[in-house]
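Please read the structure below before turning to the comments.
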Amino acid sequence: MLYLTLVVAFIASILLTPLVKRLAFRIGAVDRPNYRKVHARIMPRLGGLAIFGSFLIAYLFLQPKDPVSSALDASLIPIETAIIIGAFLIIVTGVLDDMLEITAKAKMLGQLAAAGVVVIGGGLEISFINLPFGGVLDFGYFSIPLTIIWIVGITNAINLIDGLDGLAAGVSTVALLTLTAMAFIMGDIFVMSTAAILAASSIGFLFYNFHPAKIFMGDTGALFLGFMISVLALMGFKNVTVVALIIPIIMLGVPISDTFFAIVRRVREKKSISEADKSHLHHCLLNIGFSHSQTVLIIYGISALFGLAALLFSQATLWGGILLIGVMLLAIELFVEVVGLAGKNYRPLINLVRMIGK
């Protein structure tokens, strides 16, 4: 049944995307070139609506159920329903932004509302984690705000990498496939099925979105994918050990790293952390001399490496996991300094190696 559902999601995405493209031009949901953009012509940017539509068709066709659903608590919305309601709120927020370019505050309100439905309405929250050397860290009253911060943070991280044809859709697909594999290993059928359906929808959309793109996913798609990935990751790894909680962070290494070093870069340059610039990972790779397609494929490869690392980390011993994290952090820091992700003059590790070499 799942295989048939994935085919439904894929074909629906293929069929819906051209229709959404026409709708985008009709309602004025277009992306115009400017100094920060790499495209040179007006592009429709409502593509996320096709991803959402195909996902919804397949999701309703399969109707996956979470066996540990919050529906057991009569005061809560079933988590499956809460996710769909939250997704609708995110889609409305994205469509409004793609059409009208609403303010950052308005977008944040939409994201908070969507996260609130899932966390407060659906009961999805990180309430505690088991510490690796014994004991439990109970978040208490902070569990709800921390969970909402996670959802909003990952949602925006996916949105920030949406700068090249096929980039956000491809990176999200890799993350979703990793999440599908992790959920399969853990026996979580609901997360596995939902992530796989969303991945199939994204792959169908990539036929129109890969360079040279015929349509952009816009904030409608980037916010929706970020929201769904953040929620599904929480469902797979909430209320567990610190080690297991690190897995979704590794899995989403590309958007999280890009966002983190964007903040570092702006703080070092004494700019507002919300100020847009042309120094994200894809900009850095383009500046080095890679082509549009090469840059996207390189970032796909990096995302796949993070996904593989997450799978290895999930099967590693505690000390093996610590060693893997150490190697990863060292590799990330070196890569960041080489490509200039945190700023052209940010090279503490390279300078240290040169100093030792002397």
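The values are calculated or read from the model by the stated rules, or taken from the named source; none is laboratory data. Note that the structure is a prediction, hence the values are computed from the model and not measured. Neighbour counts run over all protein chains shown; Cβ positions are idealised from the backbone, glycine included. Accessible surface is based on the protein model in full, side chains and every heavy atom, while ligands, DNA and RNA are left aside. Shrake-Rupley method; radii C 1.70, N 1.55, O 1.52, S 1.80 Å.
Side notes on the structure shown:
- You will find that of 137, 179, 124, the residue that is outside any helix (DSSP H, G or I) and open to solvent by less than 10 Å² (accessible area, probe 1.4 Å) is 124 and no other.
- Residue in the stretch 210-217 that is in contact (Cβ under 8 Å) with a residue 12 or more places away in the chain and not in a loop (DSSP other than H, G, I, E, B) present: no
- Boolean, residue 262 is within 20 Å of residue 162 (Cα to Cα), modelled with pLDDT under 80 and aliphatic (A, V, I, L, M): no
- If you go through the stretch 57-77 and keep only what is under 15 Å from residue 195 (Cβ atoms), assigned to a helix (DSSP H, G or I) and either of a type in the set (A, V, I, L, M) or at pLDDT below 85 (or both), you end up with 58, 62.
- Residue in the stretch 259-266 that is without any contact (Cβ under 8 Å) to a residue 12 or more places away in the chain and either closer than 14 Å to residue 335 by Cβ or of a type in the set (Phe, Trp, Tyr) (or both) present: yes
- Filtered residues of the stretch 104-116 (kept if at pLDDT 90 or above and open to solvent by 30 Å² or more (accessible area, probe 1.4 Å)): 105, 106, 107, 108, 109, 112, 113
- Qualifying helices (runs of 4 or more DSSP H) (wholly inside the stretch 270-358; at least 2 residues being touching a residue at least 60 places away in the same chain (Cβ under 8 Å) and hydrophobic (A, V, I, L, M, F, W, C)): 281-288, 292-315, 318-339
- Residue in the stretch 239-258 that is in a helix (DSSP H, G or I), farther than 20 Å from residue 83 by Cβ, open to solvent by 30 Å² or more (accessible area, probe 1.4 Å) and without any contact (Cβ under 8 Å) to a residue 60 or more places away in the chain present: yes
Yes/no per residue for (1) open to solvent by 40 Å² or more (accessible area, probe 1.4 Å); (2) small (Gly, Ala, Ser); (3) closer than 26 Å to residue 186 by Cα; (4) under 23 Å from the mean Cα position of the chain (by Cα):
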residue: 289; (1), (2), (3), (4): yes, yes, no, no
residue: 294; (1), (2), (3), (4): yes, no, no, yes
residue: 303; (1), (2), (3), (4): no, yes, yes, yes
residue: 306; (1), (2), (3), (4): no, no, yes, yes
residue: 317; (1), (2), (3), (4): yes, no, yes, no
residue: 322; (1), (2), (3), (4): yes, no, yes, no
residue: 333; (1), (2), (3), (4): no, no, no, yes
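- Evaluation of residue 193 against (1) within 20 Å of residue 85 (Cβ to Cβ); (2) of a type in the set (Ser, Thr, Tyr); (3) within 17 Å of the chain's Cα centre (by Cα) (one fails), failing number: (3)
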